[in-house]
Amino acid sequence: MPMLRLLTLTLFAGTAAAQISVAPQVWTTAGGTARGFTATVNLTDPRVEIRVTAPLSPLQSYEATLQTTPSWHTQLGNQLSINANFFGTISATTADVIGLSKSNGIMVSPVRQYGTAPDPAMVFAPNRLAAIGNVTTAQAASAQWAIAGVGPSSTDTVPGTLLVTDGMNTGTTARVDPLVRNPRTAIGTNAQGTLVYIAVVDGRQPTWSVGMTLPELANVLIGMGAWRAINLDGGGSSSFLHSPPGGTLVQNRPSGGSHRAVANHLGFGIAQSLVVGSACGNGGTISSTGDFDVGSTNWSLRLNGAPAGALAFAGIGFPGNESICGTCTFLAAVNWNYVLQAGGFAFWPWAVPNQPAVVGTVIGTQWVLLNAPTSPCNLVPGLASTARLLLTVGP
């Protein structure tokens, strides 16, 4: 087994509240010192938003416009961003993504298969749990977000497996150049799919970082807790950006001296929480107190203060404040059986259709809470005026 020793592990600008923790790393390997970053993302927090590079609009004969990870990171307001799939360059500014990529339910690039199995990929379900495997076209259809590593090819005889398979190091059979030291980007998940692990390693810079082999990289992911992991595009494409709340942007040192423009990215953001109203009483109506800009198609509903067994009806409409909008067009509605979680709240992920009329549009909301307590409100003493309903939306 390749020698890989963790030299330092210092928590860097990570907070439990944000659910994204990042650490700079220095590793001692058989080939010398390697440097980079690791990150852990907790998907159980409803404020965490998953982001993959969106499809071109309108669609073109090519799949992507090349863009650096820092540019994409800033454009979306992400807290954490990395490069993702390998890609085939078409021109100086355009490319096709290699392997599966989905962005908020929309297919950007289809499953690729060479040989007996599809390429290794990571998929996120609509409930945001992650899974890694040789994802088929049928399995990809139900994913909300997805990115892919690379499987086998006619250019070499390496099988192109997962980087980590059920807790075991399978780096020697992963692609590309498994035994060569290179800059690397990799991603993994725990067995439950609730945690995402990221490792980005600088390389090709002898006085800074020598890079890693894929077996060494697999050991890093296993040490973080990965049950499964895949190798993503590396070399000069490896990019890592972290914008800690209230802090300074942190980034890796790409081997080419600057971040390469790539075709696909994976990022994570933290949603804002907006108080849209409060009410008491069986059948009370809660309406938004003002308009707000959506800015994202990924919603999470979060209710505070209602009892277990309460039923909620929620509608999203536009334009304007729902309390005065009698002719609004409702985009979606849901009957939600409220179930208390630890801490006395409940949340429910809600993917609003990715339509131009929704994204960036000023809309309103309306809520009906049934089986809620009648007056006085069933709240902790001293919190009678606390808002019962919170709507969490993207930045």
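Taking only the range 212-227 into account, find how many residues are outside any helix (DSSP H, G or I) and either among the aromatic types (Phe, Trp, Tyr) or touching a helix residue (DSSP H, G or I) at 6+ places or on another chain (Cβ under 9 Å) (or both). Reasoning before the result, please.
Here is the first cut: in the range 212-227, the residues outside any helix (DSSP H, G or I) are 212-213, 225-227.
Then drop every residue that is not either among the aromatic types (Phe, Trp, Tyr) or touching a helix residue (DSSP H, G or I) at 6+ places or on another chain (Cβ under 9 Å) (or both), which leaves 212-213, 226-227.
Qualifying residue count, the range 212-227: 4.
Do the conditions hold for residue 141, that is, is it surrounded by fewer than 18 Cβ atoms within 10 Å (Cβ to Cβ), free of Cβ contacts under 8 Å to residues at least 12 places away in the same chain and more than 18 Å from residue 179 (Cβ to Cβ)?
On the way: surrounded by fewer than 18 Cβ atoms within 10 Å (Cβ to Cβ): yes; free of Cβ contacts under 8 Å to residues at least 12 places away in the same chain: yes; more than 18 Å from residue 179 (Cβ to Cβ): yes.
Yes: the conditions hold for residue 141.
Which ones in the range 260-299 are at pLDDT 90 or above and either under 23 Å from residue 126 (Cα atoms) or in contact with a Gly (Cβ under 9 Å, 6 or more places away or on another chain) (or both)? Walk me through how you get there before you give the answer.
The initial filter retains those residues of the range 260-299 that are at pLDDT 90 or above, namely 260-268.
260, 263, 264, 265, 266, 267, 268 - these are the residues of the range 260-299 that are at pLDDT 90 or above and either under 23 Å from residue 126 (Cα atoms) or in contact with a Gly (Cβ under 9 Å, 6 or more places away or on another chain) (or both).
If a residue must be in a loop (DSSP other than H, G, I, E, B), over 24 Å from residue 237 (Cβ atoms) and over 14 Å from the mean Cα position of the chain (by Cα), how many such residues does the range 118-150 contain?
Initially, the range 118-150 is screened for residues in a loop (DSSP other than H, G, I, E, B), giving 119, 125-129, 135-136, 142-144, 149-150.
Next, only the ones that are over 24 Å from residue 237 (Cβ atoms) stay: 125-129, 136, 142, 144.
Filter again for over 14 Å from the mean Cα position of the chain (by Cα), leaving 136, 142.
Looking only at that region, the number is 2.
Quick check on the range 243-255: of everything there that is of a type outside the set (Val, Ile, Thr) and surrounded by 13 or more Cβ atoms within 10 Å (Cβ to Cβ), which residue is farthest from the chain's Cα centre (by Cα)? Lay out the reasoning, then the answer.
The initial filter retains those residues of the range 243-255 that are of a type outside the set (Val, Ile, Thr), namely 243-247, 249, 251-255.
Next, from what is left, pick out any that are surrounded by 13 or more Cβ atoms within 10 Å (Cβ to Cβ): 243-244, 251-255.
Details: 243: 15, 244: 16, 251: 18, 252: 19, 253: 22, 254: 22, 255: 25 Å.
It comes out as 255.
The values are calculated or read from the model by the stated rules, or taken from the named source; none is laboratory data. Computed from a prediction, not measured in an experiment: that's the story for all the values here. For neighbour counting, all protein chains shown are included, and Cβ atoms are generated from backbone atoms with ideal geometry for every residue, glycine included.
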